[in-house]
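The values are calculated or read from the model by the stated rules, or taken from the named source; none is laboratory data. Predicted model, so just to flag it, every value in this text is computed and none were measured. Cβ coordinates were reconstructed from backbone atoms using ideal geometry, including for glycine residues, and neighbour counts include every protein chain displayed.
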């Protein structure tokens, strides 16, 4: 691929070799953890302490500092998984497969958090734990898509084939996400709209927005930490018989 | 052998196989009828309620019947090795796969068209909605076979792929369910349904173009 500058393609080639990636992840993890704690602390302090209470919703709006970043991450990770899937299918890059598999449980976790915090917020605000609102429904379907990816990978014995299957599924899913999302939205507007939902969102004040963005960044960094840890484990499991893992064990012992 | 000949040969072969196993042919149809019968027993036989639920009930039953029949799509070919022959053929696998899906639809999707009006009558769906019900079945049941084919191709190598198949395929069926049952619902109350039918048609064309690609990739993965 001549259109990619040599240093960058060299960096990619090196990073995609498992031992190199393993060492790199080890070097990055402490920094990422520090960055995560910093962002989380600042975001929580800003969101829970500095930001004023909402004039309409009181203090219960503060759940958005967990809910909204989790919901963003749930979509972001699925798209990322599809990108990884495409890379794995086209360039047969082992590392992309590993990252794809490692991302799936984390994404499912974020989706679950978004659903639970949403319904916790919905109880005092809408007076009910669950409404068949378009966003809630499509988030629930997203959770099903994640669970499909995870269970398909678990069911296929041969992990090489499983990784390929999951890559295909992630690509099919990402084509379907917009279709599902819009059809659910139309479904809701074509029926008579629910009467309790959607208090018009007041445009958000800076003192609330900054902590929200900090939390979103913190969640991104958290995802990186979690995915690197999971990818490390997956790599060692896959390459258990290779020389670099044996060397690794010897240096550890 | 040209690609067209191969395509029709595959359809002919699958139809022939299906007619040799007539008992299996009737199963999805029976299942469809029985699921619909369960609803009045479960929710009560009030005519108003049933009439309001009819489009949804018929479509959910059609979806489940399609899901049940999906496993036949590649399973027997996978077990007797003819799927490998298909992969080895010099023709484009996507086209051949499309032939198999088409044959599957002719065997499992098309018969639903014959039974659906009867069930709609049982549930008290207004006469005015009958045409729309047929149209949605014609447009949307091929999509059930198409989308399902991806799931079957991914799970055909598994010994017990049935549960996972439904987990993979059902979320992808949701748009079809929404627009199809919504169209019938609106037709029952005398509203125009052009938008829903157009979207179903658009989704069908999209699925026809896109589905063979991941299906053939997944089949190659499953056979290796």
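Looking at the range A:86-93, is at least one residue closer than 16 Å to residue A:224 by Cβ, at pLDDT 90 or above and either crowded, with 18+ Cβ neighbours inside 10 Å or under 21 Å from the mean Cα position of the chain (by Cα) (or both)? Scanning the range A:86-93, I find no residue that is closer than 16 Å to residue A:224 by Cβ, at pLDDT 90 or above and either crowded, with 18+ Cβ neighbours inside 10 Å or under 21 Å from the mean Cα position of the chain (by Cα) (or both), so the answer is no. Return a yes/no flag: does the range A:131-146 have any residue that is facing chain B (nearest Cβ under 9 Å), part of a helix (DSSP H, G or I) and farther than 24 Å from residue A:63 by Cβ. Yes, there is a match, as at least one residue in the range A:131-146 is facing chain B (nearest Cβ under 9 Å), part of a helix (DSSP H, G or I) and farther than 24 Å from residue A:63 by Cβ. Does residue B:15 qualify as being within 28 Å of residue B:217 (Cα to Cα) and assigned to a helix (DSSP H, G or I)? Yes; evaluated as a whole, the condition is true for this residue. Only one entry of B:154, B:167, B:200, B:146 meets the criterion of being free of Cβ contacts under 8 Å to residues at least 40 places away in the same chain, touching a helix residue (DSSP H, G or I) at 6+ places or on another chain (Cβ under 7 Å) and in a helix (DSSP H, G or I), and that entry is B:167. For the range A:152-173, how many residues meet the condition of being under 19 Å from the mean Cα position of the chain (by Cα) and either within 18 Å of residue A:231 (Cα to Cα) or buried (at least 22 other Cβ atoms within 10 Å of the Cβ) (or both)? Final tally of qualifying residues: 10.
With respect to the conditions (1) over 24 Å from the mean Cα position of the chain (by Cα); (2) surrounded by fewer than 13 Cβ atoms within 10 Å (Cβ to Cβ); (3) assigned to a helix (DSSP H, G or I), residue B:23 falls short on a single one, namely (1).
Does residue B:208 count as in contact (Cβ under 8 Å) with a residue 12 or more places away in the chain and either outside any helix (DSSP H, G or I) or over 18 Å from residue B:62 (Cα atoms) (or both)? Judged against the criteria, residue B:208 is a match. Among the residues of the range B:154-166, those that are more than 16 Å from the chain's Cα centre (by Cα) and either facing another protein chain (nearest Cβ under 9 Å) or surrounded by fewer than 19 Cβ atoms within 10 Å (Cβ to Cβ) (or both) comprise B:154, B:155, B:157, B:158, B:159, B:160, B:161, B:163, B:164.
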